[in-house]
Amino acid sequence: MTLRTAALADDAPKDGYPFDLPAARSLPIEFSSGVTLFVGENGTGKSTLIEAIAVAAGFNPEGGSGHIRFETQATHSELARHLDLTWRAAKRLRPGWFLRAESFYNVATDRDALPGPPMPSYHAMSHGESFLQVTRDWFDQPMLFVLDEPEAALSFTGQLALITAIHEGVAAGAQFVMATHSPLLMSIPGARIYELDDLGGHLRSVDDLDVVLLWRSFLESPERFLRHLA
């Protein structure tokens, strides 16, 4: 039932934005039935690809749970219209949450306006606590979850809590697809990791990722990176 592959459709343009991004050139890609991560420098198209996967899977472009539908500004690319997803069984996983840091405020505002019994407002929580509340409320269900740079809201311990929620979610039959800059999240056991660069996407182990090597080098000797500021 989990997401298996994403590929460009035969009618997809060959050049121009977003089809000239490294993320688009990484297609087709195969997903882990548990956790798949996309990492790479700014501008490689991680969020564009994550957004397209989410929209093609049935999520609102601005994020939220699978049934949320609202729009503040249509800024998503046309990549989703040319993306073919395949699944490991005839009945695919239901959309759980598309958790994207940049538009979570809009999701929280729309959620407060929904009819029905009042729910605890995400606006009444800190940014990080509201993210973790989503994980507590949703991640233990056999659904598809798409996350775009969730570390933007989370401390080190918050990221550890997210990893725990993802681990428990996978055990419950959930699937996670994530773009991240966080070496901590890249260390999720068993994750399938694609590193994006100018040539496309490449499967990597966490120990071979450029960002992990750079962080290790920085933490061992910060002065080597900062001496020009003195």
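Read-outs: derived from the displayed coordinates by stated rules, not from any lab. Remember, predicted model here, so these are calculated numbers, not experimental data. We place every Cβ from the backbone using ideal geometry, glycine too, and count neighbours over all the protein chains shown.
Each of ALA165, PRO61, PHE131 was placed along the dipole of the stretch 3-229 (beta-carbon charges, centred on the mean Cα), and the one lying farthest toward the positive end is ALA165.
Between the listed residues LEU144, ALA12, PRO183, the Cα displaced farthest toward the positive end of the dipole of the chain, a dipole computed from Cβ unit charges relative to the Cα centre, is found at LEU144. Remark on ARG192: its backbone amide H falls under 5 Å from those of SER32, VAL35, THR36, LEU37, a criterion applied only to residues 5 or more positions apart or on other chains, H modelled at 1.01 Å from N.
Calculate, in nm to one decimal, what MET125 and GLU78 gain on full extension: separation in residues at 0.36 nm each, minus their alpha carbon distance.
Working: separation 47, 0.36 × 47 = 16.92 nm, distance 3.37 nm.
The span from MET125 to GLU78 would gain 13.5 nm if fully extended.
Placing +1 on the Cβ of every Lys and Arg and -1 on the Cβ of every Asp and Glu, with no other charges, gives the stretch 94-173 a dipole of roughly 160 debye about its Cα centre. Charged side chains reduced to their Cβ positions (Lys and Arg at +1, Asp and Glu at -1) give the stretch 3-229 a dipole of some 580 debye around its Cα centre.
Quick check on the exposure proxy: order ASP11, ASP210 from fewest to most C-beta atoms within 10 angstrom. Before the final figure, lay out each step's value.
Details: ASP11 7, ASP210 13.
With the fewest neighbours first, ASP11, ASP210 line up as ASP11, ASP210.
In this Cβ point-charge picture (+1 for Lys and Arg, -1 for Asp and Glu), the stretch 1-134 has a dipole of about 540 debye about its Cα centre. Listed options for Cα extents along the principal axes in Å are (1) 49, 39, 39; (2) 44, 40, 31; (3) 57, 45, 36. The value calculated from this structure is the one marked (3).
In plain terms, the chain from LEU229 to GLN133 could stretch by 30.6 nm, reckoned as 0.36 nm per residue minus the Cα-Cα distance. Using a Gaussian network model of the chain in which every pair of alpha carbons under 10 angstrom is joined by a spring, one finds that among ALA153, ALA174, ALA124 the greatest mean-square fluctuation is at ALA124. Loop exposure criterion: trypsin sites (Lys or Arg not before Pro), DSSP state outside H, G, I, E and B, at most 13 other Cβ atoms within 10 Å. Applied to the chain, the longest stretch between such sites is 92-230. Computed from backbone phi with θ = phi - 60° and the Karplus coefficients 6.51, -1.76 and 1.60, the 3J(HN,Hα) list for the stretch 98-115 is 9, 9, 10, 4, 5, 10, 5, 4, 5, 4, 4, 5, 5, 4, 5, 8, 5, x Hz; x is used for glycine and proline. Multiplying the residue separation of SER217 and ALA113 by 0.36 nm and subtracting their alpha-carbon distance yields 32.7 nm.
Pairs of Cα atoms under 8 Å, at least six residues apart: use those to get the relative contact order of the stretch 132-230, whole percent.
24
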